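J.: Below is a structure I'd like to ask you about.
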Amino acid sequence: MRSESSMKVETMKARTSQPSATVAFSNSFLLGFVLVFSSAIGFCTLSSAHYSTLQAGTSDSNYDGGGSNISAFSRFNRYIMQSYYEKYENLFDSDFQDFVAQELPFGLCEVLPHDLSFVVRPSILHRNLIGRGSHRHLTSSIRVNIKPEPIYELPTHHCELIIIERLPSGVFADPFELQHLLQRGAYNAIAVFGDANLELPSFLSNRTAVEVHMDIGHNFLLRHDKESNINIELPLHARYPPLDESGYWEVKFGMPDLFMRCSMEGTSQNQSCLYKMPEINGSELGYANLVWKIPSGMKAHAGIVSTLTFVAALISAIAIAATSIFHSGVASGKHLKES
Amino acid sequence: MAPIQFRALLIVSAVLRVVLILYGEWQDAHMEVRYTDIDYIVFSDAASLMASGKSPFQRSTYRYSPLLAFLLLPNSILHRSWGKFIFSAADLLVGLFIRIILKLRGVPEKLSMISVIVWLFNPFTFTIGTRGNCEPIVCALVLWVFICLMNGRVLQAAFWYGLVVHFRIYPIIYALPILVILDPHVFRPGQKPRLQYWNRWQDSPQSSSVTRLTQLLCPWFLLKSALTRERILFSFISAAVFFLFTGLFYHLYGWDFLYEALLYHLTRTDPRHNFSIYFYHIYLQYHRKLSILEKLVSFLPQLVVQVVLVFSFAKDLPFCCLVQTVAFVAFNKVMTAQYFVWFFCLLPLVLAWSNMKLKWKGLSCIALWVGGQLHWLFWGYMLEFKGQNVFLQLWMASIIFLAANTYVLVSLIRDHRFSPVFAQLETTSKDSKKLK
């Protein structure tokens, strides 16, 4: 044993006298880091002129799909909901209905027809909430057809259907997930408005609205007796709902709001007409009762959960503390037996 | 022979990680469920924002230091997997550091190889770097601080320690044991500290708990021992580095940085389900404000355990940090799977001093710990993907997981051979305290 320990002492001395590789390594590492760090400072403080196309934000995230034929709208925002949020802070049904009735400039078009409500008829083929847990898909199938009535000559135009889903409180859409969908070419444009903070429970967050733009076709208004079927699938997520005695919180979905926006191609001025589609009465079709039951905590549990949580934490803490104190002062003699 | 074996090990690990990164790219493109972690996409987005001169905090849920976004700048220039390669490289660096530390402490070759394998081939470890999680960088920095301390480079250790606390706040719990270990009997100016070597058989004796407790309770002794040169230097330099980085990024990015990267982590109470025992309690009480007493009571177990662990094991720095981290994660208000890497990187450092045999004590610890997680995950799946109200069962599963964590921690402590990292330097005859 003694020769072993003396050998160890010698090798240890030998080690300390040589400049170790780790010292050299550490010095070069440090120098490299300082260089990288100084360039980081320089980079962060300089702003470059190159802007990425990605715009990320918390409440107002939107992303434009490439290759859209629809020209920019000079008079109002690309998104209806954007105009809404410029005036109102939160999404309430009454405010939204006021907004649609008063604010939106409908039919401010010179060439295209002012009112399409007699011509264009939307109907909902089916509407469903697919999935079972906290992450579901809201699918809607909408049919838009033009009634076979004579319509005057129209210049070449292009229309898109705008669907606004006012999501009930407690359900939200993830803007980044929708971006991913957009990149797969499903829609022209899609945006989420309102509170998209995924972590807050529902009683602390505001309602969100999803606005989807879908291409409905070239010279749509001239196509008599033709139908256009639009299918939308929106991935939605549930927030933690308020506490409920039954253990479930019911969330009811209303009907989407439909608009049509047509613009003319090839004109020097960007002109667009925005039409509101007639309301679809969901109760006739049996879609008024699209319900999502989200599991919620139960108030009755509060007392026992809090008590037992702290008791468990206390017991664990005592067990760990006792073991540490007992085993930290153990004399060396105890383990000699194991040799 | 030995360095070649280790080199081969590193190469195989590197190849494995590269294959996983490539597989991850394939899975992201072809399957509905992504291989890449959602956090990685957050980092990349923040980095591309920074590349265009904007603040990375414009990306919602980016809650890290701007240094991370800076590291990932080549994501938008070179390839989007650049970050994953950096994290996997940090992962391999941790393996290298583990070996360096074990070699410095004189652990025999076979044991040190096994310890390195426990890190490099732990399935949890290699998936975390290849999925794009930044934790391997933090682990590498922590181990580097240990190496600096073991080589006697206090200033360097202080610099890197300040940096790692800026990056991720949790290493602040290591401050106390590091300060304890900066003993004037160990660290002398101009002299390298003497490391104590690995010993197969015996525990190294230390002063009894009673002695240490009386010393701790005497204020004069405490003051005299606290204000030593190395300790003051370490505290000052690491605090200065931390505030320098914080101040710099506050100047660049304002309140956003301060809130998202720092304050959020300190005040975070997430009511959504996670492994922590407190999640259901927080959800049930979310609608009302908790009183000061309640907040204190929930913090008390954590505080008591940390203090007792430091008091008992500080001189054996890697072991102390390991048990502190396990306890910290177990008693935290929020516990997610990525926190486990924080102690996985420290585990290989103590295996050589453990009396625990794989059969059956070691296997039972692993089985209980993994089993506790799987049980929790089952109920989590029922809640999140089947929409059933199983909050109570899920909460019980997290209590059971805490019990499993406690069992593992108690077993680790009982089977550990306490051995301080440093040996006391030979002092003058006036003060004869020699270690056997």
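The values are calculated or read from the model by the stated rules, or taken from the named source; none is laboratory data. Since the structure is predicted, the reported quantities are computational estimates derived from the model, not experimental observations. Ideal geometry is used to build each Cβ from the backbone, glycine not excepted, and the neighbour counts take in all protein chains shown.
J.: Restrict the check to the range B:83-94 and report whether at least one residue is in contact (Cβ under 8 Å) with a residue 40 or more places away in the chain, β-branched (Val, Ile, Thr) and assigned to a helix (DSSP H, G or I).
T.: Yes - at least one qualifying residue is present in the range B:83-94.
J.: Among the residues of the range B:303-341, how many are part of a helix (DSSP H, G or I) and either closer than 24 Å to residue A:325 by Cα or among the basic types (Lys, Arg) (or both)?
T.: 26
J.: What is the residue count in the range A:224-279 for residues that are modelled with pLDDT under 80, crowded, with 19+ Cβ neighbours inside 10 Å and part of a loop (DSSP other than H, G, I, E, B)?
T.: Final tally of qualifying residues: 2.
J.: Go through B:17, B:34, B:7 for me and flag whichever is over 26 Å from residue B:93 (Cα atoms), among the basic types (Lys, Arg) and either in a helix (DSSP H, G or I) or out of contact with any Ser or Thr (no Cβ under 8 Å at 6 or more places or on another chain) (or both).
T.: From the options B:17, B:34, B:7, the qualifying one is B:34.
J.: Here is a further query. Out of all the residues in the range B:314-351, which are among the charged types (D, E, K, R) and within 19 Å of residue B:402 (Cα to Cα)?
T.: B:333
J.: Residues in the range B:46-82 that are assigned to a helix (DSSP H, G or I) and among the hydroxyl-bearing types (Ser, Thr, Tyr): how many?
T.: Within the range B:46-82, residues that are assigned to a helix (DSSP H, G or I) and among the hydroxyl-bearing types (Ser, Thr, Tyr) number 2.
J.: May I ask you to list the residues in the range B:254-278 that are at negative phi and surrounded by fewer than 17 Cβ atoms within 10 Å (Cβ to Cβ)?
T.: B:255, B:256, B:258, B:259, B:263, B:264, B:265, B:266, B:267, B:268, B:269, B:272
J.: A further question on this structure: Got a sec? Which of B:178, B:147, B:173, B:137 is β-branched (Val, Ile, Thr) and within 12 Å of another protein chain (Cβ to nearest Cβ)?
T.: B:147
J.: Could I ask something else about it? Can you name the residue in the range B:284-326 that is touching a residue at least 60 places away in the same chain (Cβ under 8 Å) and among the hydroxyl-bearing types (Ser, Thr, Tyr) and is also nearest to the other protein chains (Cβ to nearest Cβ) among such residues?
T.: Across the range B:284-326, the extreme among qualifying residues is B:312.
J.: Among residues belonging to the range A:320-334 that are more than 7 Å from every other protein chain (Cβ to nearest Cβ) and farther than 17 Å from residue B:199 by Cα, point out the one that is modelled with the lowest pLDDT.
T.: A:326
J.: For the subset of the range A:286-319 comprising residues that are assigned to a loop (DSSP other than H, G, I, E, B) and facing chain B (nearest Cβ under 9 Å), which member is farthest from residue A:133 (Cα to Cα)?
T.: A:298
J.: Quick check on my filter: what residues within the range B:130-162 are out of contact with any Asp or Glu (no Cβ under 9 Å at 6 or more places or on another chain), surrounded by fewer than 22 Cβ atoms within 10 Å (Cβ to Cβ) and in a loop (DSSP other than H, G, I, E, B)?
T.: B:151, B:153
J.: When you scan the range B:370-392, do you find a residue that is within 24 Å of the chain's Cα centre (by Cα), of a type in the set (Ser, Thr, Tyr) and assigned to a helix (DSSP H, G or I), even just one?
T.: Checked the range B:370-392: no residue is within 24 Å of the chain's Cα centre (by Cα), of a type in the set (Ser, Thr, Tyr) and assigned to a helix (DSSP H, G or I).
J.: Looking at this structure, is residue B:100 touching a Leu at 6+ places or on another chain (Cβ under 9 Å), within 12 Å of chain A (Cβ to nearest Cβ) and either surrounded by 16 or more Cβ atoms within 10 Å (Cβ to Cβ) or within 21 Å of residue B:351 (Cβ to Cβ) (or both)?
T.: yes
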